[in-house]
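The values are calculated or read from the model by the stated rules, or taken from the named source; none is laboratory data. If you're wondering where the values come from, they're calculated on a predicted model, not measured in any experiment. Positions of Cβ are generated from backbone atoms using ideal geometry, with glycine treated the same way; all protein chains shown enter the neighbour counts. SASA here: full protein model, heavy atoms, side chains in, ligands and nucleic acids out. Shrake-Rupley method; radii C 1.70, N 1.55, O 1.52, S 1.80 Å.
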Amino acid sequence: MVDGKVTNEVEITWDDEAWAPVIKNLKDHSTKYNLYFVEGEADFNSSILACNESGNAAQCFLDNASLNTKELVLDETVDNNLRYIEADPNNYVTFNNESWRIIGVMNNIDDGTGVQESRLKIIPDSSIGSYSWSSVSIGSGLIDPYWGISTLQDTLNTGTYWNSLSSEAQDMIGMAVWHLGGTNISSSSLMTNTFYEMERGSIVYENNPSTWTGNVALPYPSDYVYATEGGNNIDRATCLGMLQEDWNLEENVDCRSNDWLFTESRYWTLFYNVQGMPFAVENSGYVRSMHGISSTNVYPTVYLSSDVKIISGNGTMENPYGLSVN
């Protein structure tokens with residue numbers, strides 16, 4: 001990035017395309033300013049754009065992550081995925097002519113044929129609306145939570161939502177194997193750093209399959225919790241090492257408020273308990289089970305295909321990354 005120290009209220013920014021400083025409010029030619037380059041975001045962005053001339057976006061992020069350690073961290077799971085953290089990182093991307101955001105680079109993603117790749121995972125910046133997980137109750141508001149037969153899955157992959165995507169966006173989405181492990185533990189007793197393992201586990205409802213292969217699903221609880229940066233009063237490691245229900249406590253506000261996947265509205269995740277209750281991220285900040293026939297906000301989540309490239313932008317809201325596919 002470029003930093004400038006100026007006097008007399010002069011404003012100085014950097015034009016990446018012209019590769020030159022832009023100076024405003026220069027009223028006095030005696031004004032002095034110092035301009036210098038510091039290692040950081042601009043180096044990362046220019047490296048991403050240069051890399052994508054010959055490589056796919058996911059690998060470019062992995063190769064250049066050391067240039068952006070403030071916003072990108074490895075999650076230290078068995079797959080050691082690269083994730084965006086903080087309250088508002090520069091992970092904006094234009095997809096389907098909409099504002100989406102990059103969750104990170106997920107490793108060892110099976111494309112449905114047994115081939116495993118590192119893939120960019122993205123999510124829209126805004127909910128597409130409120131939907132029930134399933135319209136069919138098995139009693140007392142419970143449902144069969146298998147994603148493959150849910151009405152929400154059908155809406156996202158073959159129904160109105162999929163048909164609303166542009167052909168270019170559809171071409172950028174890569175088929176993937178989504179893990180559907182659940183839990184037999186109550187919501188209040190779940191440790192935050194165990195979600196990733198449970199999502200990939202073998203605990204399922206009524207012998208349902210533990211995976212589903214398709215295009216569009218939902219964010220995992222692990223996507224939400226690993227996006228936290230923590231804060232001054234409580235660090236990231238402590239946030240990840242506590243009971244998930246404790247994220248809604250006032251003394252732990254840094255865990256949720258410095259997490260860009262926290263919103264003021266509840267939304268579904270791709271996780272459930274064996275009683276037939278999917279999990280949602282609550283507007284109070286923690287993940288808990290709820291009745292699947294309830295209407296809840298939905299954020300469709302996809303893995304981009306491995307031949308998608310980033311060709312423009314710097315990831316800010318004002319200048320999001322632009323995508324292209326070979």
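Please find the FRET efficiency linking residue 213 to residue 13, where r is the Cβ-Cβ separation and R0 is fixed at 41 Å, and quote it to the nearest 0.05. For R0 = 41 Å, the calculated efficiency reads 0.35. A simple count of charges around residue 109, restricted to other residues whose Cβ falls under 10 Å of its Cβ and scoring Lys, Arg +1 and Asp, Glu -1, yields -2.
As a length-normalised measure over Cα pairs under 8 Å and 6 or more apart, the relative contact order of the chain settles at 21 percent. Ligands, DNA and RNA left out, the accessible area of the chain computed with a 1.4 Å probe is 46% carbon and sulfur. Among the GluC sites (Glu not before Pro) in region 179-273, those placed in a DSSP loop whose Cβ has at most 10 other Cβ atoms within 10 Å are 206, 264. Whole-Hz Karplus values for region 83-99 come out as 10, 7, 10, 5, 6, 7, x, 8, 10, 7, 8, 8, 9, 6, 6, 10, 8 Hz, taken residue by residue from phi with 6.51 cos²θ - 1.76 cosθ + 1.60 and θ = phi - 60°; glycine and proline positions read x.
The label point for residue 319 and the one for residue 197, both projected 7 Å from the Cα toward the Cβ, are 4.3 nm apart. Computed over protein heavy atoms with a 1.4 angstrom probe, the accessible surface ordering of 131, 220, largest first, is 131, 220. Using the Cβ of residue 165 as centre and a radius below 13 Å, the other residues enclosed give a net charge of -3, where K and R count +1 and D and E count -1.
Compared with the dominant principal axis of the Cα atoms in the chain, helix 41-51 is inclined by about 70°. Loop-located trypsin sites (Lys or Arg not before Pro) in region 65-118 (DSSP state not H, G, I, E or B) with no more than 15 neighbouring Cβ atoms inside 10 Å: 70. Rounded to a whole number, what is D in µm²/s for region 51-200 from Stokes-Einstein with the Kirkwood radius over alpha-carbon pairs (10 °C, 1.306 mPa s)? Estimated via Stokes-Einstein, D reaches 89 µm²/s.
In terms of the mean number of neighbouring beta-carbon atoms within 10 Å, the peptides 88-100, 157-169 order highest first as 88-100, 157-169. Among the lysines of the chain, pairs that are 8 or more positions apart or on different chains and have alpha carbons within less than 23 Å of each other number 8. Computed with a 1.4 Å probe over protein heavy atoms only, the accessible surface of the chain comes to 45 Å² per residue.
In this structure, the amide hydrogen of residue 178, modeled 1.01 Å from its nitrogen in the peptide plane, lies closer than 5 angstrom to those of 212, 213, 214, counting only residues at least 5 positions away or on a different chain. Computed from backbone phi, the HN-Hα couplings of region 219-229 come to x, 7, x, 5, 4, 5, 6, 6, 7, 6, 9 Hz, rounded to whole numbers (Karplus: 6.51 cos²θ - 1.76 cosθ + 1.60, θ = phi - 60°; Gly and Pro given as x). To the nearest 10, the accessible area of residue 317 is 110 Å² with a 1.4 Å probe.
The mean sequence distance of close C-alpha pairs (under 8 Å, at least 6 residues apart), as a share of the length of region 179-219, puts its relative contact order at 51 percent. The phi-based Karplus calculation (6.51 cos²θ - 1.76 cosθ + 1.60; θ = phi - 60°) puts the 3J(HN,Hα) values of region 273-286 at 10, 6, 7, x, 10, x, 9, 9, 7, 6, 6, 8, x, 10 Hz, whole numbers, x for Gly and Pro.
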